[in-house]
Structures are given as C-alpha cells and as structure tokens.
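Colleague: Sending over a structure as structure tokens; questions will come in a sec.
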Amino acid sequence: MYTSLREKQKQFFYTGQTKEYRYRKKQLERLKEAMQQNEDELLEALKKDLNKTNEEAFLTELGPTYQEITHTLKHLKEWMKPEKVKTPASHVGSIGKIHYEPYGVALIIAPWNYPLQLALSPLVGAIAAGNCAIVKPSELTPHTSRVIAKLLDETFDEEYIKTVEGAVDVSQALLREPFDYIFFTGSVGVGKIVMEAASKNLTPITLELGGKSPAIVSDDAKLDLAAKRIAWGKFLNAGQTCVAPDYVLVHEKVYPAFLKKIKKHTKALFDKALEQRTYPQVVSERHLERLVGFIHDGEVQLGGHYNVENRTLTPTILTNVEWNSSIMQEEIFGPILPIFTYQSLNEVLDKVREKANPLALYVFTESQKVEATITENVSFGGGCINDTVMHLATPYLPFGGVGESGTGAYHGVESFRTFSHRKSILKQSTKVDLPLRYKQGKLTMKVLRKLMN
C-alpha cells in the first residue's frame, strides 16, 4: 500500500541531495521555523488531546525539540566529517577513516504520551544524518497528529518527508515495507512486534520502550528535595512518561518522614491544577480503567479519585503493596506511585533485578558509596542521582534503554549516529608496497608475529 511512497523517497535519496550539508542544515531550519509558525496550533492540539497547559507542553514537548534542533545545527558540520582512526603497524602506509552515511528511507513511529516531541525529535536525527523519512504519529492523540501532518506536509515535499496518519492497520502496513531504518517509541509489547517485522527485512532498528523504573531513597538522602523531585517526575503528564519513577524503594529508617513529605509536595505541586482542571488527562477510557484497577492493590495514602467523563485520575500514592500484585507486573504509566521499604542495599539490588532492565533508575543519596553500589550493579538505560527525568532533557547524554527497555539511543550526536551507517574505509598508499605479505617462510612468520602480536 505504501510501496510507491517509499520508492519515491528512495529515488529522491539516490539523487544525493539529502547528503549535502547545506541541504540538511536548511531542512532543520525549515522544521524549526514551521514549528514556531504553528506553535499556537500545536499547543491547542496538546491541550485537546491530553489537557496539557501551555507551560507543560512547552517544557516537555516544544522546548526540548527546539533545543535538539539548535544543538544539531550548531554541531552538524563537525559530526559529518569523516572520523580518522589509527592504523596498526601491519598497515603501514595506510589511512583509516569512518564515514557517516545515511541509511536511506527511515520510518519513525511515535507514541501518544509526548506525541509532538517523540515524533519530531527522532526526525531531527534522521534529517541531520541525511535520510528521507516517513513519520507515523499516534492515532490516540488525533489533534496533535493532524497538526504534525499539516506542519510537515506543508514544509517538505512528500518525496523527502511525509506524514502518514492512521491506526494500528496503518502501522502494520508500513512495517511490511522494507525500510532502511525503523525508529519506534512505545510499549514493550508493541516493540516486540516491530522487532519481529523488522527482522523479516533485516532492517536495523531503534526501540525506545519502557519498564518499571525505580526511585531509591537512601537513609542519608535529603528527604524534602527527594520527595519533591520524585513527586514532580512521577506525576508530570499524569504519570504518562516512559522514564517516570514507577515505584519507590525508601530506607525503613526514613520511610515515615518521606511518606509525609511526598504527600505534602504532591499536593503542593498538583492540587491547584486539579482544582482548575488543568491537570493532564489519561489518554483513553481503556487506559483509565486499567489504572483504576491498580488502586485496589494497596492502601491509598493520597488521591485515588477518578472521573471517567474527564479521563482524570488524581495523583495517587499507595503503600502496603505486595510485590506479586498486578500493579507490579507491568509498567504503570499513570499517576499511581507504590512505595516500598528496604533494610539493606543488597535487598534493593535483589528487588530491582527481579524485574526486567528498567529504562531509568533514580538514586537519592549523599553517599558516593551508595551511589556507586547501585549504579554499578544494576543494568538500566540511564538515570539521575538526586533527581528524576531530567537526564533525557540534555542533548549531551544519549537516551535509550537496555534489554526489555529498548535498544539503541538518541539525542544530540547520538541521534545523528543512530540514523547513520558507520562506513569504514582504508586508503592504502601506492608509493609503498611491502613485499612481506606476498612471501612465505620462516622470516616472514617471524616478522608477522612481531607486527601482529
């Protein structure tokens, strides 16, 4: 169904225009300009789809994308230069270089939780690397999808960048096409489907998934700040953030004080938004129903109120949750936060390792020993010490998962590298031609051992 579109983009890619620095730079500038010109429409769409305020939408959607474009424009020329590497003694007279080559036509499938940023931020990398691209926004945020389609289709020719809207059947049809690269952001379950589809064409992929990301609060942590930052990171966007703290492990010595403080900060941060009905909505009634089912898995310390008509669930804190309960079997992806206690770091390591590798991990401590013990003995995508979420907001750190939480990374130079094939080229001198490799014998073997050991 989409073969002709993909082929049209492939033929345009073969013209070589997308590989030129000036062309890439111009398209990034056009993308940023188009976003700025359509900013009011984008903010309105995000409000309609998820009830995001202008401030939250700019902080989490437009701002990071602007920042990504600006950073890329600043460094792109340097990134594009072939990377000179050393050659061994056995390669005398030669020069080795790594050339960053675009794959061709990329497919970008975006999720609904940050429907603008997670559609356009990967696109920045695809453009920077010199690819053509087809962007598939989420159908669960239709207003934002519509504005993205308008923005991209009015800015670029379809032979270069094209938006394709639709539901699951559209994604399935696109995945049957032999794209040169696939970039997917979404759930673990759908990620497995994408990976299976990509394997049929041996298509390289990036999977940005999720998982149960823990926040660990040591007994020496600055509790007030820890509680505030965990509450903010968890309940931002109604908890619908792939790197939101999924549960908290707090040392039993400071548990009562921490519980009191996180309840206080949650109310201070979000009560006004709830009263004014500016707190973000849960994306769908089906998702809300799933979340409401989790509330009964523990003792409600705060929140637990929901409204089906408005698709809202108040920030909810649970205690006395069993590790084998339903809420601990999958990523919550909503405004519910279970809190557990622990006695030793070994217990923390055991509990976190019981789950699949998380996309993020957060440690709150003033001890370098505690910090090192956790970060060096648990596999996770990325994270923060004494903060939450903010590691994904810098273009200087690669963002991505490991194991079930994803494969590959992006942001900044990593986005450029993700959408580039590293082509190795060895240029050999014609002025020197050592006879050694053409000869056999004991002397040759002796020299080879010396050169190549």
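The values are calculated or read from the model by the stated rules, or taken from the named source; none is laboratory data. These numbers come from a predicted model, not from an experiment. Note that each Cβ is placed from the backbone with ideal geometry, even for glycine, and that neighbours are counted across all protein chains shown. Ligands, DNA and RNA are stripped out before the accessible areas are found, and what is left, the full protein with its side chains, is counted by its heavy atoms. Shrake-Rupley method; radii C 1.70, N 1.55, O 1.52, S 1.80 Å.
Colleague: Looking at (1) open to solvent by less than 20 Å² (accessible area, probe 1.4 Å); (2) of a type in the set (A, V, I, L, M); (3) more than 25 Å from the chain's Cα centre (by Cα), which is the one condition that is false for VAL308?
Modeller: (1)
Colleague: Turning to a different aspect of this structure: Which of the residues that make up the range 207-232 are in a helix (DSSP H, G or I) and either touching a helix residue (DSSP H, G or I) at 6+ places or on another chain (Cβ under 8 Å) or surrounded by 24 or more Cβ atoms within 10 Å (Cβ to Cβ) (or both)?
Modeller: LEU223, ASP224, ALA226, ALA227, LYS228, ILE230, ALA231, TRP232
Colleague: Suppose we filter PRO398, PRO435 for residues that are closer than 20 Å to GLY125 by Cα and either in contact with a helix residue (DSSP H, G or I) (Cβ under 8 Å, 6 or more places away or on another chain) or surrounded by fewer than 19 Cβ atoms within 10 Å (Cβ to Cβ) (or both); which single one remains?
Modeller: PRO398
Colleague: Does SER405 satisfy the condition of being hydroxyl-bearing (Ser, Thr, Tyr), open to solvent by less than 70 Å² (accessible area, probe 1.4 Å) and more than 23 Å from PHE380 (Cα to Cα)?
Modeller: In short, no.
Colleague: Does THR341 satisfy being modelled with pLDDT of 95 or more, more than 21 Å from LEU236 (Cβ to Cβ), open to solvent by 50 Å² or more (accessible area, probe 1.4 Å) and over 27 Å from the mean Cα position of the chain (by Cα)?
Modeller: Answer is yes for this residue.
Colleague: Continuing with this model, one more query. I need the full set of residues from the range 178-224 which are within 19 Å of the chain's Cα centre (by Cα) and of a type in the set (Ser, Thr, Tyr), in order please.
Modeller: TYR181, THR185, SER187, THR206, SER213, listed by residue number.
Colleague: Okay, next question. On the basis of being free of Cβ contacts under 8 Å to residues at least 40 places away in the same chain, of a type in the set (Ser, Thr, Tyr) and out of contact with any Gly (no Cβ under 6 Å at 6 or more places or on another chain), does SER138 make the cut?
Modeller: yes
Colleague: Select the helices (runs of 4 or more DSSP H) contained entirely in the range 52-160, then report the ones holding at least 2 residues which are open to solvent by less than 20 Å² (accessible area, probe 1.4 Å).
Modeller: Answer list for the range 52-160: 63-80, 117-129, 142-155.
Colleague: Something else about it: Looking at (1) open to solvent by less than 50 Å² (accessible area, probe 1.4 Å); (2) more than 22 Å from ALA231 (Cα to Cα), which is the only condition VAL352 fails?
Modeller: Of (1) open to solvent by less than 50 Å² (accessible area, probe 1.4 Å); (2) more than 22 Å from ALA231 (Cα to Cα), only one is false for VAL352: (2).
Colleague: Which one of THR407, THR418 is within 11 Å of the chain's Cα centre (by Cα), at pLDDT 95 or above and among the polar types (S, T, N, Q)?
Modeller: None of the other options fit; the residue is THR407.
Colleague: When you look at GLU252, is it acidic (Asp, Glu), open to solvent by 50 Å² or more (accessible area, probe 1.4 Å) and either modelled with pLDDT under 95 or closer than 25 Å to GLY382 by Cβ (or both), yes or no?
Modeller: Here the answer is no, as GLU252 does not meet what is asked.
Colleague: Scan the range 261-276 and give yes if some residue there is assigned to a loop (DSSP other than H, G, I, E, B), within 29 Å of the chain's Cα centre (by Cα), within 16 Å of VAL217 (Cβ to Cβ) and in contact (Cβ under 8 Å) with a residue 40 or more places away in the chain, otherwise no.
Modeller: Within the range 261-276, not a single residue is assigned to a loop (DSSP other than H, G, I, E, B), within 29 Å of the chain's Cα centre (by Cα), within 16 Å of VAL217 (Cβ to Cβ) and in contact (Cβ under 8 Å) with a residue 40 or more places away in the chain.
Colleague: If ALA173 meets every condition in (1) touching a Leu at 6+ places or on another chain (Cβ under 6 Å); (2) in a helix (DSSP H, G or I); (3) of a type in the set (Gly, Ala, Ser) apart from one, which number is that one?
Modeller: (1)
Colleague: Ok, one more. Given the conditions (1) part of a loop (DSSP other than H, G, I, E, B); (2) open to solvent by 10 Å² or more (accessible area, probe 1.4 Å); (3) β-branched (Val, Ile, Thr), which single one is not true for VAL190?
Modeller: (1)
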